[in-house]
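Structure first, then comments.
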Amino acid sequence: MPDSRLDVVDLPEGFDLDFVRSRFPAFQEPSLAGWAHFENAGGSYPCIHAVDRLAEFYRTAKVQPHAPYPAAQEAGRMMDEGAEALAPWLGVPARALHIGPSTTQNVYVLARAALPLFGPGDALVVTNQDHEANTGAWRRLADEGVEIREWRVDGDGALDPAALETLMADGRVRLVAFPHCSNIVAEINPVQEICPMIREAGAISVVDGVAYAPHALPDIGKKGADVYLFSTYKTFGPHLGVMAMDESLAMRFENQGHYFNGDDPRKRLTPAGPDHAQVAALAGIADYMAELDVRHYEGAEDDCVLRRGRMQALLRSRERALAAPLLDYLSGHAQLRLLGPSEPTRRAPTVSVVVPGMTGAEAAAEMARHGLMCGGGDFYARRLIEALGVDPDSGVLRMSFLHYTAEEEIERLIEGLESLCRARSGRA
């Protein structure tokens, strides 16, 4: 679905790629020279702002935070700043952010905490488009008597909102978990359309934004999801999982933390606190977004809504332009099967292909011979791969990129795919 923000936000005349790449230490690292990073869906390069904040915390404030001495007070301030700086870029208050060690862990804890929401005969909906992290934990609730209903993809790997309406028609569904976009087919689901449907049916929406957030930090408040999750190691920061939800909703879930913290909404769903330094480093993501905004818009205002919209539009526009030649090349390719839509406006720039006669891992190894870092496998989306008629043990070749990818790297990627096809022909 096209992003309407691109129609209302004025984009700058150019994109300063040299500046952008200067803000990521990996592009100055000698051991990475000559390599093009196309496995960003597995983890982005961290920006220098997050790296510096992480190092500063370890150097100056690696003590128990909030104790009554200067180093502990500084540690607490730096940790608080992590959530407070990131929250405006997500359109939610800082107290809505629950920070855990990973999105997989956050979903697992949330699923256990959700049990009291279900009574006899109640159901929840999951999809077969998801990464297993946002489906497996929910499906396990079948062992507790919850009915599991599957919102299934069509032959192209897309989810039809009308099919969800049918699943919820009897009024017994209490929760729906679905992805903002898939980490395989990458089609962007219309969250703003789906979440009101779920709310009207009397259910809670849980949106997995891990595969979407790196491409434009989402305006969670505007999207309307009751719960929204993503991973910050895929959004230029440390290895953490962020889960956003309103405080009143958090109190409806069963406390999973220490009994004496049960009255604190932010501690109910994070039983094990993440690394303090990484929490502090979250502010580096916000630092980078702010710097990127200032670089591309003269006299950047303090209006966080305006700045958030500009950065979402800038990044999506940049990545669509990068994706267009690759998708044109793959559309209707005689040997490579593209999974998901071929239109850049309908998807994130995570591009998966089936290479007949080669496993995904074999194809990725062949691409590495050309200095291209790609991924091969099932990427924890085995249910989706099976639904698309692909052997999950064989998997797919996945190529994922971000706004810091260079045009010449896309050209190299296409050349690498051409070489891959020749290598495959030689094996046939």
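The values are calculated or read from the model by the stated rules, or taken from the named source; none is laboratory data. Here the structure is a predicted model, which means the values were calculated and not measured. Neighbour counts run over all protein chains shown; Cβ positions are idealised from the backbone, glycine included. Each accessible area value is taken on the protein alone, full model and side chains, heavy atoms only, with ligands, DNA and RNA left out. Shrake-Rupley method; radii C 1.70, N 1.55, O 1.52, S 1.80 Å.
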Consider only pairs whose beta carbons are under 6 Å apart and that are at least six residues apart or on different chains; among these, list those whose first residue lies in the range 175-192 and is over 23 Å from PHE253 (Cα atoms) and of a type in the set (Gly, Ala, Ser) and whose second residue is assigned to a loop (DSSP other than H, G, I, E, B) and open to solvent by 10 Å² or more (accessible area, probe 1.4 Å).
ALA186/GLY340
Criterion first (touching a residue at least 40 places away in the same chain (Cβ under 8 Å), assigned to a strand (DSSP E or B) and either open to solvent by 30 Å² or more (accessible area, probe 1.4 Å) or in the same structural domain as ALA324 (by the TED database) (or both)) does LEU397 satisfy it?
yes
Within the range 172-204, track down each residue that is buried (at least 20 other Cβ atoms within 10 Å of the Cβ) and either modelled with pLDDT under 95 or of a type in the set (Asp, Glu) (or both).
GLU187
Would you pick out the residues in the range 16-45 that are open to solvent by 40 Å² or more (accessible area, probe 1.4 Å) and either on the phi > 0 side of the Ramachandran plot or modelled with pLDDT under 95 (or both)?
GLY34
Which of the residues that make up the range 10-27 are among the small types (Gly, Ala, Ser), assigned to a helix (DSSP H, G or I) and free of Cβ contacts under 8 Å to residues at least 12 places away in the same chain?
SER22
Output the residues belonging to the range 198-220 that are in a loop (DSSP other than H, G, I, E, B) and over 20 Å from the mean Cα position of the chain (by Cα).
ALA201, GLY202, ALA203
In the range 351-383, which residues are within 20 Å of GLU132 (Cβ to Cβ) and either outside the structural domain of ARG412 (by the TED database) or in contact with a His (Cβ under 9 Å, 6 or more places away or on another chain) (or both)?
PHE379, TYR380, ALA381
Only one of these is open to solvent by less than 40 Å² (accessible area, probe 1.4 Å) and outside any loop (DSSP other than H, G, I, E, B): GLU366, GLU411. Name it.
GLU366
On the given criteria, is ALA281 modelled with pLDDT of 95 or more and in contact with a His (Cβ under 8 Å, 6 or more places away or on another chain)?
no
What's the number of the only condition in (1) in a helix (DSSP H, G or I); (2) touching a residue at least 12 places away in the same chain (Cβ under 8 Å); (3) open to solvent by 10 Å² or more (accessible area, probe 1.4 Å) that SER342 fails to meet?
(1)
Within the range 36-82, residues being over 26 Å from VAL210 (Cα atoms) and in contact with a Cys (Cβ under 7 Å, 6 or more places away or on another chain) number 0
